[in-house]
Amino acid sequence: MGFYGIRYLIMNNISLKQIFLNLILFLCIYYLSFTFISASLDKIMDPHKFSEDIAAYGITPNWMNNIVAIILPWIELFCGIFLFLSLFKKFRNFKLLDPSNNLIIGMLIWFIFILSIATIQGLDIDCGCGLGEKVTPFERLVEDIVLLIISFIIKFRGKIKFLLNIKVQA
């Protein structure tokens, strides 16, 4: 950032706190979107394996496993894409950030619930996360809790800016 960049920041009264919070928010949206996009791709490519992974938890009835294995990865993919698109000014008018983030929060709460049950039961199964590597339910549980915290940072970004006394841009 040259002289003109610093001058722009000073003239528009943009604080370092605001820059830092916007950077954190950008990184949260970027990381969450690509996590959901990449997690969905393996499941879309092999819904049969994903259906077997769902069945291994023993939580949902068998008739539901195939339906969930076909629909859920597409929801994850579109939520990830919409989150990513919300980073660009051109797509901000479509208000894609909050609805897709709310769906992700709902999915993460469900994932944390079933992973908690699998961990308590001591199941040694593939989590069905679709990220290519075999991960235990406990390891994935920790990752999903971190993703949920990131989702809440995105959801309550306006309140965080208010608490830090940063002007909220419309």
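Table: residues versus (1) more than 14 Å from the chain's Cα centre (by Cα); (2) at pLDDT below 95.
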residue: ASP42; (1), (2): yes, yes
residue: LYS49; (1), (2): yes, yes
residue: ILE54; (1), (2): yes, yes
residue: THR60; (1), (2): yes, yes
residue: ILE70; (1), (2): yes, no
residue: LEU77; (1), (2): no, no
residue: ILE81; (1), (2): no, no
residue: SER86; (1), (2): no, yes
residue: LYS90; (1), (2): yes, yes
Please name all residue pairs, on different chains or six or more residues apart, with Cβ atoms under 8 Å, provided the first residue is in the stretch 129-151 and is basic (Lys, Arg) and the second residue is modelled with pLDDT of 85 or more and surrounded by 18 or more Cβ atoms within 10 Å (Cβ to Cβ).
-> ARG140/PHE111; ARG140/LEU115
Which of the following residues is at pLDDT 95 or above and open to solvent by less than 90 Å² (accessible area, probe 1.4 Å): SER33, SER15, SER38?
-> SER33
Scan the stretch 41-56 residue by residue and report those that are open to solvent by less than 20 Å² (accessible area, probe 1.4 Å) and either in contact with a Ser or Thr (Cβ under 8 Å, 6 or more places away or on another chain) or farther than 18 Å from GLU133 by Cβ (or both).
-> SER51
Cβ-Cβ below 7 Å, separation at least six or inter-chain, first residue in the stretch 26-51 and part of a helix (DSSP H, G or I), second modelled with pLDDT under 95 and loosely packed, with under 15 Cβ neighbours inside 10 Å: which pairs?
-> ASP42/GLY132
Under the condition of being outside any helix (DSSP H, G or I) and open to solvent by 70 Å² or more (accessible area, probe 1.4 Å), which residue from the stretch 140-170 is modelled with the lowest pLDDT?
-> ALA170
Name the residues in the stretch 57-101 that are surrounded by fewer than 20 Cβ atoms within 10 Å (Cβ to Cβ) and in contact with a His (Cβ under 9 Å, 6 or more places away or on another chain), would you?
-> ASN66
Mind listing just one residue for me: the one in the stretch 108-132 that is of a type in the set (Gly, Ala, Ser) and surrounded by fewer than 21 Cβ atoms within 10 Å (Cβ to Cβ) and, of those, modelled with the highest pLDDT?
-> SER116
Checked against (1) in contact with an Asp or Glu (Cβ under 8 Å, 6 or more places away or on another chain); (2) open to solvent by less than 20 Å² (accessible area, probe 1.4 Å), ILE105 satisfies every condition except (1)
Flagged in the stretch 84-119 as of a type in the set (S, T, N, Q) and either over 17 Å from GLY58 (Cβ atoms) or without any contact (Cβ under 8 Å) to a residue 24 or more places away in the chain (or both), in numbering order, are SER86, ASN93, SER100, ASN101, ASN102, THR119
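The values are calculated or read from the model by the stated rules, or taken from the named source; none is laboratory data. Being a predicted model, the structure only gives us computed values, none of them experimental. Every residue, glycine among them, receives a Cβ derived from its backbone with ideal geometry; neighbour counts consider all protein chains shown. Heavy atoms of the whole protein, side chains included, go into the accessibility calculation; ligands, DNA and RNA do not. Shrake-Rupley method; radii C 1.70, N 1.55, O 1.52, S 1.80 Å.
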